[in-house]
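To start, the structure itself, in structure tokens.
Values quoted throughout were computed directly from the atomic coordinates according to the rules given, and no laboratory measurement underlies them. Note that this is a predicted model, so its numbers are computed, not measured. A quick note on method: Cβ atoms are made from the backbone with ideal geometry, for glycine too, and the neighbour counts reach across all protein chains shown.
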Amino acid sequence: MINDQKRKMLLGITGGIAAYKSAFLLRLLKKTDVDIQVVMTEAATQFISKLTMQALSGKPVYDNMWAEEQGHGMAHIETSRGCRLILVAPASANFISKLATGTANDLLSTICLARNCELLIAPAMNKEMWDNKSTQRNIETLKRDGVHIVGPVGGDQACGEVGLGRMAEPETIYETTLKFFQPRLFKNKKIVITAGGTFEKIDAVRGITNQSSGRMGFAIAQAAIEYGAEVILIVGTHSASPPIGCELVKVQSAADMLAAVLDHIETTDIFISAAAVSDYRAKETVSHKLKKDSQFLHQLQLEPTEDILKKISTMKNSPFCVGFAAETENLEKNAQDKRQLKNIPLIVGNLIPQAIGSDFNELLLIDKNGIHKLPRDTKIKHAKNLLNHISKIYE
Ligand SMILES: Cc1cc2nc3c(=O)[nH]c(=O)nc-3n(C[C@H](O)[C@H](O)[C@H](O)COP(=O)(O)O)c2cc1C
């Protein structure tokens, strides 16, 4: 498990046109509470000044293994100590080659060789340099060595050519970097999450559904991935985009959703039911399209669907179950009643006008210790707060 106390990283910059983007990247990283030390190669200083990076980072930039004032003469070892991550962005073809062979002939390459933390690189170069067999061989070596790589991406290049080799955008590198600083709360845990709505068929075109966008369940899945869990995301109807990095199971009806949950539940540690599952479905369905004035539609008969959460929570050896209560009124009471009825340790209450389709909402977490109010915030922040809360009561 990563030591969560480590909030320090090193930003290495090597000699490539994309070095100017490192200034944007550093500005983004400075918004976090992570302590950042910049180290530049000599070539990098030809592309962007040390002064710029020093002003943005708020401390002297290191670039010389032989300068005693840089790291008390042992900068090549000490600079990375206490760091969770070394990020090299841009990583030149030359630097990638040095990493692959263990070359240590300047400060940054020596620090990388002497590191005891994770290494993430963002390659950036002309497309022929990237495609060159030697670069590709070096990249394969680095992957095997456990080095993390973000990009490159395709598009217009500074040299006028078009192809793969551009450095990933600073925002992408920033997001990738943040993942190294997430607590690994759910490492080795399997979490099944349902999200979105369901569609209960009536005829060939009609059905019963709801307006769930899937956003809350997707935010929880995203946070669970970042917290190191193996995530199975079972999703019905939705309008938002599911996160990458999990196993996505697409379903349509409540019965399909239950079947998918049952497929995975035996080996699941935590089940989070965030989907807006239809409570009713048509008692009978027809395979053709019904006429507008059909008697069948006038007297549509409904029957209840099976309660997925209750079914799972009352199973023998059931996983830790978390439910959602979306209500238009009496949120507190209705959510509390639902927690008891479903026999679950934790329920999350939210009011429907805010809950559906929006990126923001307010939540009530209700467990055996009482009610915990989470004021209006983004769904992704709530998802992290929810998982932090689960991690406290789960054991
Ligand atoms: C104008 C110019 C632009 C360059 N751009 C890149 C680049 O984008 N990527 C790359 O790998 N090398 C690029 N190079 C070559 C590197 O700067 C050169 O290989 C250098 O030795 C890299 O040193 P370093 O890896 O120690 O930083 C460029 C060179 C020049 C003169």
Discussion item. Restricting to Cα pairs below 8 Å that are 6+ residues apart, what does the relative contact order work out to for the chain? Please round to a whole percent.
Written reply: 11
Worksheet entry | Overall dimensions of the range 190-394 as given by Cα atoms, namely Rg and Dmax in Å | 17.1, 56
Discussion item. As a test of the formula, what do you get for the chain when each DSSP H run with n ≥ 4 contributes -39,500 (n - 2.57) and the sum is divided by the residue count, at 222 nm and rounded to the nearest 500 deg cm²/dmol?
Written reply: -9500 deg cm²/dmol
Discussion item. If you average the C-alpha positions of the range 58-126 and of the range 337-395 separately, how far apart do those two centres end up, in angstrom?
Written reply: 43
Worksheet item: Taking amide H positions as placed 1.01 Å from N in the peptide plane, with prolines and chain starts having none, which residues 5 or more places from residue 249, or on another chain, fall under 5 Å of its amide H?
Response: 233, 234, 235
Fill in: Spatial separation of Cα centroids for the range 190-262 and the range 12-52, in angstrom
40
Worksheet item: Which one of 82, 12, 323 has the biggest mean-square fluctuation once the chain is modelled by GNM with Cα springs under 10 Å?
Response: 82
Worksheet entry | Estimated Rh, the range 345-395: Kirkwood, alpha-carbon pairs, angstrom | 11.3
Worksheet item: Extent of the chain along each principal axis, from alpha carbon coordinates, in Å, largest to smallest?
Response: 85, 49, 35
Worksheet, complete the sentence: Rounded to the nearest 0.05, FRET efficiency between residue 337 and residue 241 (Cβ-Cβ, R0 22 Å) equals 0.05
Discussion item. Sequence gap at least 6, Cα distance under 8 Å: using those rules, report the relative contact order of the range 190-394 to the nearest whole percent.
Written reply: 20
Discussion item. How high is the relative contact order of the range 8-179? Use alpha-carbon pairs under 8 Å, at least six apart in sequence, and give a whole percent.
Written reply: 23
Response to the item:
Given the candidates 280, 193, 123, the one whose Cα lies deepest towards the positive end of the charge dipole of the chain, counting +1 at each Lys or Arg C-beta and -1 at each Asp or Glu C-beta, is 280
Worksheet item: For the peptides 17-23, 119-125, what is the packing order when you average, over each peptide's residues, the other Cβ atoms within 10 Å and list the highest mean first?
Response: 119-125, 17-23
Discussion item. Which lysines, if any, have their Cα less than 23 Å from the Cα of residue 373, not counting same-chain residues under 8 positions apart?
Written reply: 333, 338, 342, 381, 384, 392
Worksheet entry | Given charges at beta-carbon only (K, R positive; D, E negative), |dipole| of the range 135-233 in Debye | 480
Item to complete: Assign unit charges at the C-beta atoms only (+1 for Lys and Arg, -1 for Asp and Glu), then state the dipole size of the chain relative to its Cα centre in Debye, rounded to the nearest 20.
Response: 360
Response to the item:
About its Cα centre, the range 190-394 carries a charge dipole, from +1 on Lys and Arg Cβ atoms and -1 on Asp and Glu Cβ atoms, whose size in debye to the nearest 20 is 160
Discussion item. Can you give me the Kirkwood hydrodynamic radius for the range 64-216, using every pair of distinct Cα atoms, in Å to one decimal?
Written reply: 18.9
Worksheet entry | Net charge, residue 219 excluded, C-beta distance under 10 Å - Lys, Arg +1, Asp, Glu -1 | +3
Item to complete: With the Cα gyration tensor of the range 262-353 in hand, convert its eigenvalues to equivalent ellipsoid semi-axes via √(5λ) and list them largest first in whole Å.
Response: 31, 19, 10
Worksheet item: What's the long-distance tail for the range 314-377, i.e. % of Cα pairs beyond 14 Å?
Response: 55
Response to the item:
For the chain, whose charge dipole is built from +1 on Lys and Arg Cβ atoms and -1 on Asp and Glu Cβ atoms, the candidate among 56, 264, 369 with its Cα farthest towards the positive end is 369
Practice prompt. Please name whichever of 205, 176, 165 sits farthest to the positive end of the charge dipole of the range 158-214, dipole taken about the Cα centre and charges placed at Cβ: Lys and Arg +1, Asp and Glu -1.
Written response: 176
Discussion item. How far apart, in nanometres, would the label points at residue 66 and residue 287 be if each is projected 7 angstrom from Cα along the Cα-to-Cβ direction?
Written reply: 8.3
Worksheet entry | Quotient of Cα Rg and 2.2 N^0.38 Å for the range 204-309, N being how many residues it contains | 1.26
